[in-house]
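Heads up: the structure comes next, in structure tokens.
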Amino acid sequence: MASPETAPATSGSIRRIVAASLIGTTIEWYDFFLYGSAAALVFNELFFPGSEPLVGTLLAFLTYAIGFAARPLGGLVFGHYGDKIGRKRLLVLSLLLMGGATFAMGLLPTHASIGVGAPVLLTLLRLIQGFALGGEWGGAVLLVFEHGDDASRGFWASWPQAGAPGGNLLATGVLAVLAAVQSDAAFLAWGWRIPFLLSGVLVMIGLWIRVSVSESPVFLEAQARAAEQAAAGAEAKPPVAEVFRTNWRGVLTAIGTRLGENISYYVITAFLLVYVTSHLGLPKSDGLNAVLIGSAVHFVAIPAWGALSDRIGRRAVTLIGSVGMIGWAFAFFALLDSKSFPVIAAAVTVGLLLHGAMYGPQAAFISEMFATEVRYSGASMGSQLASILGGALAPIIAVALLRDYDSSLPVSVYLAAAAAVTTLTVLVAKETRGRSLTGEHTPARGPVPATRRAGHDPVPADN
């Protein structure tokens, strides 16, 4: 029997933990996505004036990408201390860093006021955002993941994932409301600041909720085990070094699993805004509202896909999304070119449904690849390294392809190729559903693979 300290959380407590992780993650993604939307809509004029529209947008997206570059560093630092002192403390710190940087963006002077100093300050704050988000994902997912039971871990762990569309829904919704009630001149002059300043209020709410949750029982057991080993004279190795020494294949699998998911998401939500405004000549409200509708469906779909992964496996559900995205990459732009808002909204919604099939099981799939003692580090590094190759470069590459070829076809090929990489990675990966974190295997619904005692057994060496 599991000890009282490591017994699975009751349904009531797991719901409180899920709520705390989801609300905090939604706020952090709101802050992060708000920048992406602003980069597509106004930052080219406010911080990079004097360039032709697509070149200014490219420059704005370069600062956007810098946030992704900082995410592996955040994953490294937060992962190390998260594996040493706990998930909860690091989650509070990540929320404070992210919210503070976003609030400060709302106070920034523009290029017209201080010249080159404006984009420099913007870039610095974006680095802080990326660093904070790099530590947020692993902690939020693991706090829920390690409280859940083996049979329904995919469902519970998918809820923090829903914070991504939740944050995008919130950010896009605020921008859509402002775009509807303000003139373009007013929005450009001061209206764009409102969503950034709103982050300060949201962070206070998130902190109030997060400080009330308990630390992961699986982590507490691993921490006690480490203390016993240290008392016996065993030398503690840095978690990140241990991950790359014993399970570097797990990190590579996480990167490949995330690549198609990551690229598809930022093409469908961020590059879309550039495509419909700069290429199709449609009002920005069409792109914002399409993302708004798609994000609402996406928010509901992610936990549904996570629950399905508890029944048929993480790999099967992920493949539904990645294989589907290969074909949708070409249909997506053909539907956008109709210039019909209902068709555009449908194209975004279907794209995000397919993305959700890759994203929903991902938290459990990646986390189950690593032992408790190094799980925060391993999951964070695999996930955040993929963000550089995926989300950081996706809008930049897509905008550059559109500028050079004046056609969506090269963008479709790029998106399909990324989804193919994820498909191949998942096909060769091992199924993780049903692996026990405590050493006691709880059968998942239906046949499950052989378990690995991830909480107690050392991670098998790759060599």
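Brief remarks on what is shown
- Any hit, segment 377-385, residues being surrounded by fewer than 24 Cβ atoms within 10 Å (Cβ to Cβ), in contact (Cβ under 8 Å) with a residue 60 or more places away in the chain and outside any helix (DSSP H, G or I): no
- When each of Gly173, Gly139, Gly74, Gly106 is tested for being under 18 Å from the mean Cα position of the chain (by Cα) and modelled with pLDDT of 80 or more, the lone residue that passes is Gly74.
- Note on segment 45-63: among residues that are in a helix (DSSP H, G or I) and at pLDDT 75 or above, the one that is surrounded by the most Cβ atoms within 10 Å (Cβ to Cβ) is Leu46.
- Pairs, first within 17 Å of Val201 (Cα to Cα) in segment 168-187, second among the charged types (D, E, K, R), C-beta under 7 Å, six or more apart: none
- Filter result for Arg403 (in contact with a helix residue (DSSP H, G or I) (Cβ under 7 Å, 6 or more places away or on another chain), in a helix (DSSP H, G or I) and among the basic types (Lys, Arg)): yes
- Boolean, Val426 is open to solvent by 20 Å² or more (accessible area, probe 1.4 Å), at pLDDT 50 or above and not acidic (Asp, Glu): no
- Qualifying residue in segment 406-423 (condition: open to solvent by 50 Å² or more (accessible area, probe 1.4 Å), of a type in the set (D, E, K, R), modelled with pLDDT under 90 and at negative phi): no
- Where Gln129 falls short, out of the listed (1) surrounded by 22 or more Cβ atoms within 10 Å (Cβ to Cβ); (2) at pLDDT 85 or above: (2)
- Of all residues in segment 3-32 being under 20 Å from Phe103 (Cα atoms) and modelled with pLDDT of 75 or more, the one that is most open to solvent (accessible area, probe 1.4 Å): Ile23
- For segment 390-405, the set of residues classified as hydrophobic (A, V, I, L, M, F, W, C) and modelled with pLDDT under 80 consists of Ala392 only.
- Boolean, Phe333 is within 18 Å of Tyr414 (Cα to Cα), touching a residue at least 24 places away in the same chain (Cβ under 8 Å) and surrounded by fewer than 24 Cβ atoms within 10 Å (Cβ to Cβ): yes
- Odd one out for Leu282, checked against (1) at pLDDT 95 or above; (2) in a loop (DSSP other than H, G, I, E, B): (1)
- Of all residues in segment 274-308, those being over 19 Å from the mean Cα position of the chain (by Cα), of a type in the set (A, V, I, L, M, F, W, C) and open to solvent by less than 10 Å² (accessible area, probe 1.4 Å) number 4.
- Among the candidates Val348, Val374, Val343, residue that is part of a helix (DSSP H, G or I) and free of Cβ contacts under 8 Å to residues at least 40 places away in the same chain: Val343
- Residue match in segment 158-174 (condition: open to solvent by 30 Å² or more (accessible area, probe 1.4 Å), touching a helix residue (DSSP H, G or I) at 6+ places or on another chain (Cβ under 7 Å), closer than 23 Å to Trp305 by Cα and not aliphatic (A, V, I, L, M)): yes
- With respect to being in contact with a Lys or Arg (Cβ under 6 Å, 6 or more places away or on another chain) and closer than 15 Å to Gly79 by Cα, Gly138 falls outside the description.
- Segment 73-120, residues that are open to solvent by 10 Å² or more (accessible area, probe 1.4 Å), in contact (Cβ under 8 Å) with a residue 60 or more places away in the chain and more than 18 Å from Leu207 (Cβ to Cβ): Leu73, Leu76, His80, Asp83, Lys84, Leu107, Thr110, His111, Ala112, Pro119
- The condition (being modelled with pLDDT under 95, within 29 Å of Leu22 (Cα to Cα), in contact with a His (Cβ under 7 Å, 6 or more places away or on another chain) and among the small types (Gly, Ala, Ser)) is satisfied by just one residue among Ser383, Ser377, Ser387: Ser377.
- For first residues located in segment 125-148 and farther than 19 Å from Ala386 by Cα, partners that are of a type in the set (D, E, K, R) and lie 6+ apart or on another chain with Cβ distances below 7 Å form the pairs Leu143/Arg87; Leu143/Lys88; Phe145/Arg153.
The values are calculated or read from the model by the stated rules, or taken from the named source; none is laboratory data. Quick caveat, the model's predicted, so the values are computed rather than measured. Cβ atoms come from the backbone with ideal geometry, glycine included; neighbour counts cover every protein chain shown. The protein model used for the area step is the full one, side chains on, heavy atoms only, and it has no ligands, DNA or RNA in it. Shrake-Rupley method; radii C 1.70, N 1.55, O 1.52, S 1.80 Å.
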